Amino acid sequence: MAIPPKLSGSRLLLLVRHAHAGDKARWQGPDHLRPLSLAGQAEAAGLVARLEGYPIEGILTSPTLRCQQTVEPLARDRRLRLDAEVTLGVDADLGRVLGLLADPRLQDTVVCTHGEVIGQLLTRLVADGLVVDQPLAWPKGSTWLLEGANRRFTHARYLPPLALAHAGRVASATGGR
């Protein structure tokens, strides 16, 4: 996919919901340690292909294991480190998340967080004038491309999750879960 040249001051942020992590009610350990399921591992592998043509200079993620595992294959592919950010946790404060994402240093950054956070964030951005290419939805493993200038996002495009059948590298890296 060809990416148009950037206008001066333009920004791109890729907002990713963590991939499938099994049934929360069935998981017996601490929720922050809940790993990706096999389906989630396939979605994490698919994220690498889905974002192939996009410039990515950094990856911020919720500190939960499922978020980190979602973007680990992408980080390996792009030779980037993961930066865990508590502001992106499942119980995130919307004001703090908005403040974080307004930072212009997050140009061409993947931000992986939770459905609760993404739902609140997109709803707020749309209320503030964000133009979206389709009705809001944020299934596990999906991405929203947020584009704008300076400290404001003006347009968003939805990318559905892409599950790749050959997620074996992801499975072996996460102990098969």
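Using a cut-off of under 19 Å, list every residue of segment 80-124 whose amide N is near the label point 7 Å from the Cα of ALA149 along the Cα-to-beta-carbon line.
102-108
Residue farthest toward the positive end of the dipole of the chain, with Cβ of Lys/Arg at +1 and Asp/Glu at -1: which of GLY58, ALA137, ASN150?
GLY58
Just GLN69, GLN134, GLN120 to compare: in a GNM of the chain, with alpha carbon springs under 10 Å, which one fluctuates most?
GLN134
Which FRET efficiency, nearest 0.05, do ALA137 and GLU57 yield, Cβ-Cβ r, R0 22 Å?
For R0 = 22 Å, the calculated efficiency reads 0.25.
Return the FRET efficiency for the residue pair ARG79, GLU116: r is the Cβ-Cβ distance, R0 is 35 Å, and the value is rounded to the nearest 0.05. Spell out each step's value before the answer.
On the way: r = 31 Å, r/R0 = 0.88.
E(calc), rounded to 0.05, equals 0.70.
Apply the Karplus parameterisation 6.51 cos²θ - 1.76 cosθ + 1.60, with θ equal to phi minus 60°, to every residue of segment 141-151 and state each ³J(HN,Hα) to the nearest whole Hz, in sequence, with x for glycine and proline.
For segment 141-151, the Karplus-derived couplings read x, 8, 9, 10, 8, 9, 10, x, 9, 6, 9 Hz, x marking Gly and Pro.
Any idea what the dipole of the chain comes to, in debye rounded to 20, about its Cα centre with Lys/Arg Cβ at +1 and Asp/Glu Cβ at -1? Kindly include the intermediate steps, with their values, before the conclusion.
On the way: 21 positive and 17 negative charges, 46 e Å.
Charge dipole of the chain: 220 debye, to the nearest 20.
Values quoted throughout were computed directly from the atomic coordinates according to the rules given, and no laboratory measurement underlies them. Only a predicted model underlies this, so the values are computations on that prediction, with no experimental measurement involved. All Cβ positions, glycine included, derive from the backbone under ideal geometry; neighbour counts span all protein chains shown.
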